[in-house]
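Inspection log for the structure reproduced underneath, given as structure tokens.
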Amino acid sequence: MSAARRFRPATPVDAERDGHRFEWLKPDGWRVGFRALVLELESAGDGATVIGVGCIGPNTVHPGRDLVELEIDPAHRRQGHGTALLRELGTYSNNPLSNKVEPGSERDGFLRAQGAVTYLEVPLLRVDVAAARTARWCAAVRGATDVRGARAVPWTVLPRQQLVDALTDRYAWQHASWSPTAPREVIRPEVGEEFYEESVREHSWAAVRDGEITALADLYSTDDDEGMPVGPRREGALEAVDAAAPQARADVALCLAAMLEDLREMGVRSLDLDNHPTDPHTAPLLATLDRTEVDPVRLVEIPNGLTAVLREVL
């Protein structure tokens, strides 16, 4: 007799027993609004064996899609279990589901087979900090007439609340066209405050005009015991606070130049910028630098709710 497939809520016992096998094994309800399931195969005489796990829940910052994750034990893949688990998880939501994949990976292939579509492809853009041309680029920015009236300052000289507000504003407009955010009061603690706390503020930069922050360049590598970045590579993010401001691009350039010069003095050789191809100021500016695209990630939407129903229309 073939083994029967069964879904049930994950328990703390499951997590303790099988947590080493599955990265996404969490007890059901471990986070507000989230469900966590295990997939068992049950056969006569052999009992039940956990062969897969999955979780689903709301995205606080981007409420238009719910987050979903699942894993199937390698020995039981390509037998329909992943498809069955994804459909079961989908019954707990009416929203489309989101995930991210590396192009060409096994996960990418599986989700494509479930109808997933890419809503944004995001490569890391690696800038050669040590290149002589980068130094000349920074000098050209500082000499440009467009940057007059602005100054680049480290975050440590600015009030925390002003930086948190600026980070929140930047994030909201950056995602408005492809993954709209929740209201500002919801995302401020999730985005502005968390980004501020996780940044290396001594080496993050802001462009300031008339006392207002107009652009931000934030650094996010904290690798040593004291929370300071080490090694020849760093990671950061960059954009204007108000995309429509007349001097937005010039101020973004000034921020980036200040960060690159700072990192060069520290002996850093490359900077990975976690930006989007949709960023209207950063993307064109980075195209003028020596940079390469590395480690692309696809943000994908998996049909569920209305999109799943429409997909089945004959």
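The values are calculated or read from the model by the stated rules, or taken from the named source; none is laboratory data. For clarity, every value in this text was computed on a predicted model and none was experimentally measured. As a convention, Cβ positions derive from the backbone with ideal geometry for all residues, glycine included, and neighbour counts pool all protein chains shown. Accessible surface areas use protein heavy atoms only, side chains included; no ligands, DNA or RNA. Shrake-Rupley method; radii C 1.70, N 1.55, O 1.52, S 1.80 Å.
Checked against (1) open to solvent by 30 Å² or more (accessible area, probe 1.4 Å); (2) assigned to a loop (DSSP other than H, G, I, E, B), SER93 passes all but condition (1).
The condition (being assigned to a helix (DSSP H, G or I) and within 30 Å of ASP66 (Cβ to Cβ)) is satisfied by just one residue among ASP146, ASP108: ASP108. Would you call ASP146 assigned by the TED database to the domain that holds GLY19 and over 23 Å from the mean Cα position of the chain (by Cα)? For ASP146, the condition - assigned by the TED database to the domain that holds GLY19 and over 23 Å from the mean Cα position of the chain (by Cα) - is not met.
Just one of the listed residues (ALA166, ALA116, ALA172) is farther than 23 Å from PRO280 by Cα, among the hydrophobic types (A, V, I, L, M, F, W, C) and within 22 Å of the chain's Cα centre (by Cα), namely ALA116.
Evaluated against (1) in contact (Cβ under 8 Å) with a residue 24 or more places away in the chain; (2) part of a loop (DSSP other than H, G, I, E, B), GLN79 falls short on exactly one condition, (1). Return the residues of segment 46-58 that are surrounded by 17 or more Cβ atoms within 10 Å (Cβ to Cβ) and either of a type in the set (Val, Ile, Thr) or not in a strand (DSSP E or B) (or both); say none if nothing qualifies. Scanning segment 46-58 gives VAL50, ILE51, VAL53, ILE56. Note on segment 8-29: residues that are closer than 18 Å to GLY90 by Cα and in contact (Cβ under 8 Å) with a residue 24 or more places away in the chain amount to 6. Restricting the first member to segment 167-184 and to residues that are in a helix (DSSP H, G or I), and the second to residues that are among the aromatic types (Phe, Trp, Tyr), the beta-carbon pairs closer than 9 Å and six or more apart or on different chains are LEU167/PHE195; LEU167/TYR196; THR168/PHE195; TYR171/PHE195.
A residue that is modelled with pLDDT of 90 or more and either among the aromatic types (Phe, Trp, Tyr) or open to solvent by 50 Å² or more (accessible area, probe 1.4 Å) (or both) cannot be found anywhere in segment 226-233. Out of all the residues in segment 7-20, is one or more within 26 Å of GLU106 (Cβ to Cβ), aromatic (Phe, Trp, Tyr) and under 29 Å from the mean Cα position of the chain (by Cα)? Within segment 7-20, not a single residue is within 26 Å of GLU106 (Cβ to Cβ), aromatic (Phe, Trp, Tyr) and under 29 Å from the mean Cα position of the chain (by Cα).
Okay, residues lined up against (1) crowded, with 19+ Cβ neighbours inside 10 Å; (2) closer than 17 Å to ARG126 by Cα:
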{"position": "GLU239", "(1), (2)": "yes, yes"}
{"position": "ALA244", "(1), (2)": "no, no"}
{"position": "LEU254", "(1), (2)": "yes, no"}
{"position": "MET259", "(1), (2)": "yes, yes"}
{"position": "VAL268", "(1), (2)": "yes, yes"}
{"position": "ASN275", "(1), (2)": "yes, yes"}
{"position": "THR292", "(1), (2)": "no, yes"}
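Here the strands (runs of 3 or more DSSP E) wholly within segment 210-314 that include at least 1 residues being farther than 26 Å from PRO159 by Cα and of a type in the set (Gly, Ala, Ser) are 270-273. Within segment 34-44, the presence of a residue that is outside the structural domain of ARG188 (by the TED database), assigned to a loop (DSSP other than H, G, I, E, B) and free of Cβ contacts under 8 Å to residues at least 12 places away in the same chain is excluded. Checked across segment 6-17, the condition of being of a type in the set (A, V, I, L, M) and open to solvent by 50 Å² or more (accessible area, probe 1.4 Å) holds for at least one residue. Residues of segment 294-314 being open to solvent by 30 Å² or more (accessible area, probe 1.4 Å) and over 22 Å from ALA113 (Cα atoms), which ones? Selection gives ASP295 alone.
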